[in-house]
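K.L.:
Attaching a single structure in structure tokens format; questions to follow.
The values are calculated or read from the model by the stated rules, or taken from the named source; none is laboratory data. Since the model is a prediction, treat every value here as computed from it, not as a measurement. Glycine gets a Cβ as well: all are built from the backbone with ideal geometry, and neighbour counts include every protein chain shown. The protein model used for the area step is the full one, side chains on, heavy atoms only, and it has no ligands, DNA or RNA in it. Shrake-Rupley method; radii C 1.70, N 1.55, O 1.52, S 1.80 Å.
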Amino acid sequence: MELKIKSEKQYHDYYKKSIENPEKFWGEIANNFTWHKKWNSVVEYDFTIPKIEWFKGAKGNITENCLDRHLETIGKKTAIIWEPNNPKDKAIHLSYNELHKKVSQFANVLKNNGAKKGDRICLYMPMVPELAIAVLACARIGAVHSVVFAGFSSKALASRIDDAKCSILLTADGAFRGSKTIDLKSIADQALEMSSSIETTIVLKRINSDITLTKNQKWWHEEVKNASETCQAEIIDAEDMLFILYTSGSTGKPKGMVHTFAGYMVNTAFTFQNVFQYEKDDVYWCTADIGWITGHSYIVYGPLLQGATTLMFEGIPTFPDGGRFWEVVEKHKVNQFYTAPTAIRALEKFPLELVTKHDLSSLKVLGSVGEPINEEAWHWYDTHIGKGKCPIVDTWWQTETGAMMIASLAGITPQKPTFATLPMIGVQPVLLDENGALIKTNPAEGRLAIQFPWPSIARTIYGNHQRYKETYFSTFKGKYFTGDGALRDENGFYRITGRVDDVVIVSGHNLGTAPIENAIDEHKKIVECAVVGYPHDIKGNALYAYVILYDNVIGDDTLKKEINNLISKQIGPIAKCDKIQFVTGLPKTRSGKIMRRILRKIASNDMENLGDISTLLNPDCVKSIISERL
Ligand code: WTA
């Protein structure tokens, strides 16, 4: 069966097949790839354990599919275009032949440094071609990559290294970021002091900073010099780990989401091809960083699996000015452009001339990912970037889902501003009310869950399967809970409204409490806070903040004003807190998660139903919060 969907009718036909007989459907799609051994069964799952396996028994390697199988046909085609931070520096074009050699060579570097199948390798790198090369090199030898976004602190890096017990760290002497440089190496060194599993660090020279290497640290270029450019791919099992990628949860510790080889490969290729409608000579650009799932699935794997030309950008959208994205589109004649609403909103603020002075006529498809795209940003994107002629694909998905879950197929299925629209092939979304009852009618609003596995679902949280079960499969029995809320219109189109766990509707506005808390936390006198909603006669709900101050700070009305001013400045006056209570402690679970449920009850004056608080880390603070309730 052809991997490419070419018409709306075919979308519906594929969708139906994928639901009625997923084994047959995905088996036929998977036949489009190179395998050393085919599967014994297409899908086996039990969401209650939970256990999920796709293409069990199959063997192969994702890099053979990204690289080797293209060499004969498109070996000379550009695989990666790299656009540097500084537009005055030269862009790099790597053909599939060249990329194949470089990946093989770096795979040998890893092997020479003792890496073997199953080892975890941490990458803390700038957006340079070597990052993509190293990711693929890990996959080539069956090692597990754990890419940590190069904006994270040394502490965050150390905890991720330790959690996965990584044995090798790949980093650089520094990174360029707009007009600044970031001292990656010293952050990495601090992280190495705080963590214990790294045996070897390999350091890429990027900014030529004046650094020296200590014991067990090696220069990238020296290592590469001695390594051969041929490396047979390690043949791994379908369900062997491909990578770990950390995502933050509502509790403190980040979750190391584990993705495995075969299902991830099949679904990233399939969704990339169909959502963007990539054609043979197109240049595709996703502006994400490889440190995030979007970069993994839609800069590296999806595009390379489909033999695409994928553009990697080292810089930021506002350097040297707010027209850089459009300059790059013009320079490399980009056909598909995939970015985030936050970038669109930031660039909207610049004079339109920064857009209009560039020739954007190469663009065919625009994409959006990461958060709900608001109406205004959608129209600006459509009018000024797409000139009203480019379909916009609003793609809803998550680190955990590995690939796009709800999105339109560019120019094939209908689009609707602010709606992600229809489920991808094989994806079975459902809306549930808070009691877990299925909402069958349209239009509807509820919690978004998925009732059947798709090939690229994360299989576990590294080292903590219990948390995986609790986070995703316990809220609604037998279903994967996304944590998001959604609307479904009369045509069955989905619009993601945002996280349901921490959202309050104030005067009809959806407010996420997390960003409000972040705004409050900016205040120098504040240690920590929690924001919840409580019923309000006129607004429906209002906001109540519980705030912990540093010692010797007086919680007075002036401070309350300052807090609300901060919120106003960062989010808007709508997010101001009607009540601000200064407290000495916040109720927390043993894992450190603030129990907002209890705080919501207190704010709502519903003290009868606090539930069992004895399991809290600090049950005593509840009493004092109640006694000083506003
Ligand atoms: C949100 C990013 C609305 C959502 C790929 C999800 C979106 C979380 C969209 C996952 C979208 C992502 N419309 N909301 N098109 N895309 N989200 O793991 O709340 O970084 O649960 O994955 O981002 O973020 P993550």
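K.L.:
For the stretch 312-372, with every protein chain kept in place, what is the accessible area per residue (1.4 Å probe, Å²)?
P.N.:
That works out to 38 Å² for each residue.
K.L.:
Turning to a different aspect of this structure: Within the set of other residues whose C-beta is less than 13 Å from the C-beta of Ile290, count the net charge using Lys and Arg as +1 and Asp and Glu as -1.
P.N.:
Neighbourhood net charge equals -3.
K.L.:
Keeping all protein chains in position, work out how much accessible area Lys525 exposes to a 1.4 Å probe, and write it in Å² to the nearest 10.
P.N.:
About 90 Å², ignoring ligands and nucleic acids.
K.L.:
Here is a follow-up. Loop by DSSP (not H, G, I, E, B), at most 15 other beta-carbon atoms within 10 Å: where is the longest site-free stretch of the chain for GluC sites (Glu not before Pro)?
P.N.:
Working: sites that count: Glu2, Glu199, Glu229, Glu279, Glu434, Glu490, Glu522, Glu628.
Of all site-free stretches, the longest is 3-198.
K.L.:
May I ask you to evaluate 6.51 cos²θ - 1.76 cosθ + 1.60, the Karplus curve with θ = phi - 60°, for each residue of the stretch 519-526 and list the ³J(HN,Hα) values in order in whole Hz, giving x for glycine and proline?
P.N.:
5, 5, 4, 5, 5, 5, 8, 10
K.L.:
While we're looking at this one, here's another question. If we restrict to alpha carbons, what Rg and Dmax does the stretch 264-365 come to, in Å?
P.N.:
13.7, 42
K.L.:
Let me ask something else about it. Please give the helix 154-164 orientation as an angle from the longest Cα principal axis of the chain, in degrees from 0 to 90, rounded to the nearest 10.
P.N.:
Roughly 70 degrees between the two axes.
K.L.:
For Lys255, give me every one of the aspartates and glutamates with a C-alpha distance below 14 angstrom, ignoring sequence neighbours fewer than eight places off in its own chain.
P.N.:
Straight-line reach from Lys255, under 14 Å: Asp162, Asp163, Glu400, Glu470.
K.L.:
List, in order, the whole-Hz ³J(HN,Hα) value for each residue of the stretch 28-36 obtained from phi through the Karplus relation with A = 6.51, B = -1.76, C = 1.60 and θ = phi - 60°; use x for Gly and Pro.
P.N.:
So the Karplus estimates, Gly and Pro as x, are 5, 5, 5, 5, 6, 10, 8, 10, 8 Hz.
K.L.:
Pairing the Cα long axis of helix 557-570 with the longest principal axis of the chain, what angle in degrees results, from 0 to 90 and rounded to the nearest 10?
P.N.:
30 degrees
K.L.:
Is there a pair in Lys225/Lys331; Lys117/Lys280; Lys16/Lys59; Lys4/Lys24 whose C-alpha atoms are over 25 Å apart, and which pairs would that be?
P.N.:
With Cα atoms farther than 25 Å apart: Lys225/Lys331; Lys117/Lys280; Lys16/Lys59.
K.L.:
Any idea of the accessible area per residue across the stretch 503-627, 1.4 Å probe, to the nearest Å²? Intermediate results must be reported in sequence, preceding the final value.
P.N.:
Details: 6610 Å² over 125 residues.
Heavy-atom accessible area per residue stands at 53 Å².
K.L.:
I've got another one for you. Taking a threshold of 32 Å on the Cα-Cα distance, which of the pairs Lys37/Lys155; Lys524/Lys601; Lys416/Lys539; Lys37/Lys364 fall above it?
P.N.:
Values: Lys37/Lys155 42 Å; Lys524/Lys601 28 Å; Lys416/Lys539 29 Å; Lys37/Lys364 38 Å.
Violating the 32 Å Cα-Cα cut-off are Lys37/Lys155; Lys37/Lys364.
K.L.:
Could you run the Karplus curve 6.51 cos²θ - 1.76 cosθ + 1.60 with θ = phi - 60° over the stretch 8-17 and give me ³J(HN,Hα) per residue in whole Hz, x for Gly and Pro?
P.N.:
5, 4, 5, 4, 5, 5, 4, 4, 4, 4
K.L.:
For the chain, which whole-number percentage of the solvent-accessible area (1.4 Å probe, protein heavy atoms only) is attributable to carbon and sulfur atoms?
P.N.:
49 percent
K.L.:
Give the angle, between 0 and 90 degrees and rounded to the nearest 10, that separates the Cα long axis of helix 96-112 from the longest principal axis of the Cα atoms of the chain.
P.N.:
Taking the Cα atoms of the chain, the angle to 96-112 is about 70 degrees.
K.L.:
Something else about it: Output the lone cysteines of the chain: those with no second cysteine's C-beta under 4.7 Å from their C-beta.
P.N.:
If one checks each Cβ against the other cysteines of the chain, Cys66, Cys138, Cys231, Cys286, Cys390, Cys529, Cys577, Cys621 turn up with nothing under 4.7 Å.
K.L.:
Any idea what the relative contact order of the chain is, in percent, if you count C-alpha pairs under 8 Å spaced at least 6 apart?
P.N.:
Values: 1318 pairs, mean separation 67.4, N = 630.
Worked out over the chain, it gives 11 percent.
K.L.:
Next question, about the same structure. Between rounded, prolate and oblate, where does the stretch 36-161 land on the alpha carbon gyration tensor, with a ≥ b ≥ c its root eigenvalues, rounded for a/c under 1.5, else prolate if a/b exceeds b/c?
P.N.:
It is oblate, given that a/c is not under 1.5 and a/b is not larger than b/c.
K.L.:
Still on this structure: Write out the chymotrypsin sites (Phe, Trp or Tyr not before Pro) in the stretch 5-44 meeting two conditions: DSSP loop, and at most 14 other Cβ atoms within 10 Å of their Cβ.
P.N.:
Within the stretch 5-44, no chymotrypsin sites (Phe, Trp or Tyr not before Pro) qualify (loop, at most 14 other Cβ atoms within 10 Å).
K.L.:
Only bridges whose two residues both fall in the stretch 8-429 count here: according to DSSP, what percent of them are antiparallel, nearest 5?
P.N.:
40 percent
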